[in-house]
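The values are calculated or read from the model by the stated rules, or taken from the named source; none is laboratory data. None of these values were measured; they are calculated from a predicted model. Using ideal geometry, Cβ is built from the backbone for each residue, glycine included, and neighbour counts are taken over all protein chains shown.
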Amino acid sequence: MQDNNPYPYPFDQSLIWHVVFHPGKRFWSRRFCHVSLAGYSNDTWLHLDLQRHGVNAASIYHYDEVQAYLDFLLTHYTVVKFGPAHPASSTAFLGPMTCVNFVKHMLRLRSSALRPDGLFRDLLRIEGTEILNEAAETTEGRGNP
């Protein structure tokens, strides 16, 4: 039986991703300073984080450790659940390799976002996204009392 998988490794492209927004203000972003990806597939938690020197890939195999890591992420970061990636979207990648472009490429997401804040807004506009923690509720557009 011939497999139609174009990749030489078994990887489930339909897994649900958790987009992790790192809090912090920078001159280019008001709310988030970085974004990374985490996903759970085949009893393995995989966290992909683009840094200046390359992609850090961390994997966790034990259920208790996965639960502890997810609790840590939900406590300290804004996490948006997204997936599966859109197979019909373009997989062509143009532009500099930034954390936002890396996440858009992995999710096969059509977005013009250049900053983590813009990516967060674009993900919230897409059906099927779910905010996993209370800290992620947006306060933009609300006036100060």
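The table that follows gives values for the structure above.
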{"item": "Qualifying positions in the range 21-67 - under 17 Å from Val79 (Cβ atoms) and aromatic (Phe, Trp, Tyr)", "result": "Phe21, Phe32, Tyr40, Trp45"}
{"item": "Residue pairs meeting the criteria (Cβ under 7 Å; at least 6 apart or on separate chains; first crowded, with 16+ Cβ neighbours inside 10 Å and among the hydroxyl-bearing types (Ser, Thr, Tyr), in the range 63-86; second modelled with pLDDT under 85 and in a helix (DSSP H, G or I))", "result": "Thr78/Ala135; Thr78/Ala136"}
{"item": "So Val66, is it at pLDDT below 85, outside any loop (DSSP other than H, G, I, E, B) and of a type in the set (Val, Ile, Thr)", "result": "yes"}
{"item": "Count - residues of the range 59-75 that are closer than 19 Å to Val35 by Cα and out of contact with any helix residue (DSSP H, G or I) (no Cβ under 9 Å at 6 or more places or on another chain)", "result": "6"}
{"item": "Out of Thr138, Thr91, Thr78, Thr129, sole residue that is modelled with pLDDT under 80, hydroxyl-bearing (Ser, Thr, Tyr) and in contact with a helix residue (DSSP H, G or I) (Cβ under 6 Å, 6 or more places away or on another chain)", "result": "Thr129"}
{"item": "So Pro145, is it assigned to a loop (DSSP other than H, G, I, E, B), exposed (fewer than 15 other Cβ atoms within 10 Å of the Cβ) and at pLDDT 60 or above", "result": "no"}
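Quick grid of which residues meet (1) within 21 Å of Leu107 (Cα to Cα); (2) more than 15 Å from the chain's Cα centre (by Cα); (3) exposed (fewer than 11 other Cβ atoms within 10 Å of the Cβ); (4) at pLDDT 80 or above:
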{"site": "Met1", "(1), (2), (3), (4)": "no, yes, yes, no"}
{"site": "Pro8", "(1), (2), (3), (4)": "yes, yes, yes, no"}
{"site": "Trp17", "(1), (2), (3), (4)": "yes, no, no, yes"}
{"site": "Val20", "(1), (2), (3), (4)": "yes, no, no, yes"}
{"site": "Arg30", "(1), (2), (3), (4)": "no, yes, no, no"}
{"site": "Ser36", "(1), (2), (3), (4)": "yes, no, no, yes"}
{"site": "Gly39", "(1), (2), (3), (4)": "yes, no, no, yes"}
{"site": "Trp45", "(1), (2), (3), (4)": "yes, no, no, yes"}
{"site": "Tyr61", "(1), (2), (3), (4)": "no, yes, yes, yes"}
